[in-house]
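Down below is the structure, laid out as structure tokens.
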């Protein structure tokens, strides 16, 4: 009887031990499974998040490169436009200077014709002034003015009833100051050498002086330049 109880107790104890061992093993397997699943899920989540960040970075980087390229194009266009504008402005300035629409200065000569109070000396006429202007042009004058009236291609120099001379529709009176920019030697020679117009006028008593200057200032033509017959 006592031996049977011992045997039963041992058997029950072994059964309980086995049962506890099995349960423990199951709990351990479940625990390991849960941790693995969690780690796997965490790893997948990190990979997904990393992939998303990578995609976003690539998109932002592409946008940055596109923006940089656009800025580069704008800068190149601006530089090109600035260079073109500068060239056009230079050409415009050159044209305006040739047309007489800008103030200019440079070396040249200043011719002063004073009025002579004598009946034996004829008054300076528009033709005399025109001949002086033509001589200066032939000698290479780049700009000419008479009493600060700029001489341009369309300038008229005319006598008004022997009372005064009109230049660019403006009345001018003696003394006459003629300014010319160009090579001083050529300009002076064109007026004096080989029966120049100044020599001829002096021979009839006109009071004419020629002064060389390294800074002859000639103001611009202020009127409107119009063409009567030319069309675009």
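Determine the gain in length on full extension of the stretch residue 114-residue 85; use 0.36 nm per residue of separation and subtract their C-alpha separation, reporting nm with one decimal.
5.7 nm
What is the spin-label model distance, in nm, from residue 142 to residue 200 if the labels are put 7 Å beyond Cα along the C-beta direction?
Reported label-point gap for residue 142 and residue 200 is 2.9 nm.
According to a simple spin-label model (label point 7 Å from Cα along Cα-to-Cβ), what is the distance in nm between residue 177 and residue 156?
Modelled inter-label distance: 2.7 nm.
Can you give the FRET efficiency to the nearest 0.05 for residue 185 and residue 99, using r as the Cβ-Cβ distance and R₀ = 41 Å?
Values: r = 27 Å, r/R0 = 0.65.
Here the calculated transfer efficiency is 0.95.
How large is the Rg to Rh ratio of region 104-218 when both quantities use alpha carbon positions and Rh follows Kirkwood?
Across region 104-218, the Cα-based Rg/Rh ratio is 0.94.
I want to check the label-to-label distance for residue 107 and residue 66. Put each point 7 Å from Cα in the C-beta direction and report it in nm to one decimal.
6.3 nm
Coordinate-derived values only; no laboratory data. Nothing here was measured: the structure is a model prediction, and the numbers come from that model. Note: ideal-geometry Cβ built from the backbone for every residue, glycine included; neighbour counts use all protein chains shown.
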